[in-house]
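Taken together, the values in this text are just the output of simple stated rules run on the coordinates, not laboratory data. In this text, all values refer to a predicted model and were calculated from it rather than measured experimentally. Reconstructed Cβ throughout: ideal geometry from the backbone, glycine too, with neighbour counts over all protein chains shown.
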Amino acid sequence: MRVYNTLNRKVELIRSIHEKKIGFYACGPTVYFYAHIGNMRTYITQDILRRALIHEGYSVRHVMNITDVGHNVGDGDVGEDKVRMEAKAEHKGMDDIINFYTDKFFKEESILNIQRPEVVCKASEHINDMLELIERLDAGSYLYKASNGVYFDTSLSKKYGELAGTTFERMNKELKAGARVERPQGIRNITDFAVWRFAEHNEKDMVWDTRFGRGFPGWHIECSAMSMKYLGEQIDIHAGGVDHIPIHHTNELAQSEAATGKRFVRYWVHGEFMTVDGHKMSKSLRNIYTVDDIIKRGYLPMAYRYLCLTVHYRNMLNFTFEALEHSQKSLKSIYAIISRISALNDTGTVDKNLAEEIKTVRDSFFSCIEDDIDTPSALSKLHALASLAGRKNLSGAECSRILDVFLEFDEVLGLRFNMHLSSALPKEAKELIEKREDARRNKDFNTSDEIRTRLRKEFKISVEDTDQGTIWFSSID
Ligand code: AMP
Ligand code: ZN
């Protein structure tokens, strides 16, 4: 398996620290608002990578944090904590905000068939781990006090900025020239960042009394401390969106390597943004859509997952409902084929060449996935398999071989193919669908509509008639 490593700017073969094991850390959501489908694109990319590694035979330990404290508005360590600000705006406790948006996030992840990481860890429950790391940095004289917190001196970090393809000097010069980021008083370098922020307004929620002062952790120290706790001082893969490269991941890397003297991460994997009309999808631009918005407009969540796979994760994806519609159509055509061949009776004859063709398609699909998770090319192989499945006179053995390959592809794609197997339908529902097809053939549309209503009410199944035949969707879709 090869992935593009942001650190070296090359596609590299994955060589794990421990044989056949992968330690995988992904930066999780800041739970102050609904995650939008742009955020979900990043988590879908990570889910595909995780599934691909598992398919390759790795045992993956995937750790994801929940940032419930310490992520400030703006990147300059001067803004307010995002969760605290939302709690004030909604006149609620921070806990209420955190619980509500965390639950919502995991519901949406499961709707999108994103597998839950082995470890999900909340920042606020790991304050001691963060303090231990801060102590280590302090012992190495990397820290100093400024007006609003304890800061890491980035000039002491070897190769600071390397991940972002720059240097400490260049970054400081550029930031100074642009004066883009407001910085607190008393900091030594513009790029320095708080590992511990002092409480400012008599806050009671989410502040801790420590020898570094009363306050709360910086966002970057959270990920360093939690990844070390659950994956050790060195990890195989660290993932996130491209916005994390210049600040969050650059700072995580600097402080982790300062504390341990070891290389922190082998492969940095970053997903490109989702845009809307050419602009980054973000709450502040008010151009966000959520998974609920997609469902409300009648789209299958799996169609959104499919749409994400149509664009390579390192390219921008401009979201439009037309593109979603197109993806849904393609996905439904695959569902229809799966439904059809899983219901076929053993009537055809064996074609000697077909087994070889299936194998070629299968192998080339996995070559695409192994090549830096090239999902657009992998989808073209999926459709190549669908055209083999569309051949006339398939034997029972051929149908089941093709189905096995569809299901094997889906171990990586996660598009819920198994829900469209004929065997996934309850017997009574299957009989009703057959009756409905008979009724339609006889142009008895009243009966066909009645059956459609029964299927929806009794089995929560909706049916749709397509060029490839009738397909059904259960309510989870
Ligand atoms: P946040 O909750 O803001 O920390 O973001 C959660 C994840 O979503 C991070 O990995 C971000 O890099 C990523 N992200 C934020 N906006 C977008 C976007 N428009 N498209 C894709 N990923 C995004
Ligand atoms: Zn992080």
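Whole-Hz Karplus ³J(HN,Hα) for region 89-102, in order, using 6.51 cos²θ - 1.76 cosθ + 1.60 and θ = phi - 60°, x for Gly and Pro?
Residue by residue, region 89-102 yields 4, 8, 6, 10, x, 4, 4, 4, 5, 4, 5, 4, 6, 5 Hz.
Along the Cα→Cβ direction, 7 angstrom out, place labels at residue 395 and residue 56. What is the inter-label distance in nm?
Taking the two extended label points, one gets 3.6 nm.
So what's the chain giving for Rg/Rh, alpha carbon basis, Kirkwood Rh from the mean inverse pair distance? Could you put the intermediate results ahead of the total?
Working: Rg = 25.6 Å, Rh = 24.6 Å.
Ratio of gyration radius to Kirkwood radius for the chain: 1.04.
³J(HN,Hα) across region 205-222 via Karplus (A = 6.51, B = -1.76, C = 1.60, θ = phi - 60°), whole Hz, x for Gly/Pro?
6, 6, 10, 10, 8, 9, 6, 8, x, 7, x, 8, x, x, 4, 5, 5, 4
For 330, 157, 256, what's the fewest-to-most ordering of other Cβ within 10 Å of each Cβ?
330, 157, 256
Once amide H atoms are built 1.01 Å from N in the peptide plane, which residues 5 or more positions from residue 160, or in another chain, come under 5 Å H to H?
168
Please give the helix 352-370 orientation as an angle from the longest Cα principal axis of the chain, in degrees from 0 to 90, rounded to the nearest 10.
Roughly 10 degrees between the two axes.
Taking the Cα centre of the chain as origin and charging only Cβ (+1 Lys, Arg; -1 Asp, Glu), how large is the dipole, in debye to the nearest 20?
The dipole of the chain has a size of about 400 debye.
If you take the beta carbon distance between residue 139 and residue 263 as r and set R0 to 22 Å, what does 1/(1 + (r/R0)^6) give as a FRET efficiency, to the nearest 0.05?
Between residue 139 and residue 263 the formula returns 0.60.
Pull up all non-local amide H partners of residue 121: gap of 5 or more, or a different chain, and H-to-H distance under 5 Å with H placed in the peptide plane.
Excluding prolines and chain starts, which carry no amide H, the hits are 64, 65, 66.
Got a sec? How would 302, 85 order by Cβ neighbour count within 10 Å, fewest to most? Write out the running numbers ahead of the final one.
Values: 302 25, 85 15.
Going from least to most buried by this count: 85, 302.
Rank these for me by crowding, 111, 221, 22, going from fewest to most other beta carbons within 10 Å.
Values: 111 19, 221 29, 22 25.
Ordered by Cβ neighbours within 10 Å, fewest first: 111, 22, 221.
What is the gain in length, in nm to one decimal, between residue 355 and residue 404 on full extension, counting 0.36 nm per residue of separation less the C-alpha to C-alpha distance?
Gain on stretching residue 355 to residue 404: 16.4 nm.
For residue 193, which sequence-distant residues (separation of 5 or more, or a different chain) have an amide H within less than 5 Å of its own amide H, given hydrogens modelled in the peptide plane?
152, 154
Describe numerically, in nm with one decimal, the distance between label points set 7 Å from Cα along Cα→Cβ at residue 345 and at residue 322.
Rounded to a tenth, the inter-label distance reads 4.6 nm.
Determine the gain in length on full extension of the stretch residue 177-residue 2; use 0.36 nm per residue of separation and subtract their C-alpha separation, reporting nm with one decimal.
Taking 0.36 nm per residue and subtracting the Cα distance, the gain is 59.2 nm.
Determine the gain in length on full extension of the stretch residue 462-residue 170; use 0.36 nm per residue of separation and subtract their C-alpha separation, reporting nm with one decimal.
Extra length from residue 462 to residue 170 when fully extended: 99.3 nm.
Looking at region 248-278, which trypsin sites (Lys or Arg not before Pro) are in a loop (DSSP not H, G, I, E or B) and have at most 11 other Cβ atoms within 10 Å?
Answer in residue order: 262.
What is the magnitude of the charge dipole of region 279-424 about its Cα centre, with +1 placed on the Cβ of each Lys and Arg, -1 on the Cβ of each Asp and Glu, and no other charges, expressed in debye to the nearest 20?
My answer is approximately 640 debye.
Let me know the charge dipole size of region 425-477 about its Cα centre in debye, to the nearest 20, where only the beta-carbon of Lys, Arg (+1) and Asp, Glu (-1) is charged.
For region 425-477, the charge dipole is close to 160 debye.
From the phi of every residue in region 458-463, what ³J(HN,Hα) in whole Hz does the Karplus formula 6.51 cos²θ - 1.76 cosθ + 1.60 yield, where θ is phi - 60° and glycine or proline is x?
So the J values, rounded to whole Hz, are 7, 10, 6, 10, 10, 10.
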